[in-house]
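Student: Below is the structure I would like to discuss, written out as structure tokens.
The values are calculated or read from the model by the stated rules, or taken from the named source; none is laboratory data. Treat the numbers as computed from the prediction; the structure is a model and nothing was measured. Neighbour counts run over all protein chains shown; Cβ positions are idealised from the backbone, glycine included.
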Amino acid sequence: RAIAVAPIVKRVVHKWQRLFEQYAWVVSIDAEQNSFVRIDEVRLEQVIRALLDNACKYTPKGNSIEVVVTQVDSQVHIVICDEGEGIPPEDLPYVTERFYRADKARSRQEGGVGLGLAICREIVEHYDGIFLLGDAQTRQGTKVEMIFPAMDIEKEST
Ligand code: ATP
């Protein structure tokens, strides 16, 4: 079943904005935009929460966390970008593997078992999405981009 993703992402992000006012949130989600994606709503929420959790965990107070939802042609992009410490380039290929954690000492202090990103990637790929992880192109930080095929709701309901 296809669902409209923008209102769901917006609702989750708004909750986090209220809980974590110490970050400079930059949110660009057009909830009116009817981008439909074939994904389970609970799974989508789980992914967004895990990514926001990481963004908040690794970003100093006052720095920005940016969330963008857009549709470009027949693809829906969900981007979460932070101005945190970033993931070391040598760790990037591995952090979406189960139980891998960059800089183990620091990570232990922060808690977590290193499952978050692996599960996010599995969920996204299960719904035919692409999970891209890399440097934020700002001063520093991490960028997660998820790209899903946009569903034609007319076709979907027949
Ligand atoms: P949990 O299972 O509780 O999510 P975790 O945060 O260690 O624990 P992942 O979410 O999979 O697990 O992240 C894996 C590793 O990637 C982290 O230990 C951290 O080093 C790095 N990482 C993830 N997101 C970010 C981010 N936004 N900024 C910097 N480093 C990050």
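Student: Six or more apart or on different chains, Cβ under 8 Å: which pairs go from a residue in segment 34-47 that's closer than 14 Å to GLY129 by Cα to one that's basic (Lys, Arg)? Could you list them?
Tutor: Once the first residue is closer than 14 Å to GLY129 by Cα and sits in segment 34-47, its partners that are basic (Lys, Arg) give ARG38/ARG1.
Student: Being more than 9 Å from the ligand (Cβ to nearest atom) and hydroxyl-bearing (Ser, Thr, Tyr) is the filter; apply it to segment 98-146 and report the residue that is modelled with the highest pLDDT.
Tutor: TYR127
Student: Scan segment 120-146 for residues that are assigned to a helix (DSSP H, G or I) and not aliphatic (A, V, I, L, M) and jot them down.
Tutor: Listed by number, the residues that qualify are CYS120, ARG121, GLU122, GLU125, HIS126.
Student: Check ARG18 against each of (1) of a type in the set (Lys, Arg); (2) free of Cβ contacts under 8 Å to residues at least 24 places away in the same chain; (3) surrounded by 13 or more Cβ atoms within 10 Å (Cβ to Cβ) and name the one condition it does not meet.
Tutor: Going through the list (1) of a type in the set (Lys, Arg); (2) free of Cβ contacts under 8 Å to residues at least 24 places away in the same chain; (3) surrounded by 13 or more Cβ atoms within 10 Å (Cβ to Cβ), ARG18 breaks only (3).
Student: In this structure, is ASN54 within 15 Å of VAL79 (Cβ to Cβ) and among the polar types (S, T, N, Q)?
Tutor: On the way: within 15 Å of VAL79 (Cβ to Cβ): yes; among the polar types (S, T, N, Q): yes.
For ASN54, the condition - within 15 Å of VAL79 (Cβ to Cβ) and among the polar types (S, T, N, Q) - is met.
Student: Being more than 21 Å from ILE130 (Cα to Cα) and crowded, with 17+ Cβ neighbours inside 10 Å is the filter here, so list the residues in segment 48-62 that pass it.
Tutor: Within segment 48-62, CYS56, TYR58, THR59 meet the criteria.
Student: Please identify the pairs in which a residue from segment 87-116 that is farther than 19 Å from ASP135 by Cβ has its Cβ atom under 8 Å from the Cβ atom of a residue that is assigned to a helix (DSSP H, G or I) and modelled with pLDDT under 65, counting only partners at least 6 apart or on another chain.
Tutor: Within 8 Å, the pairs are GLY114/SER107.
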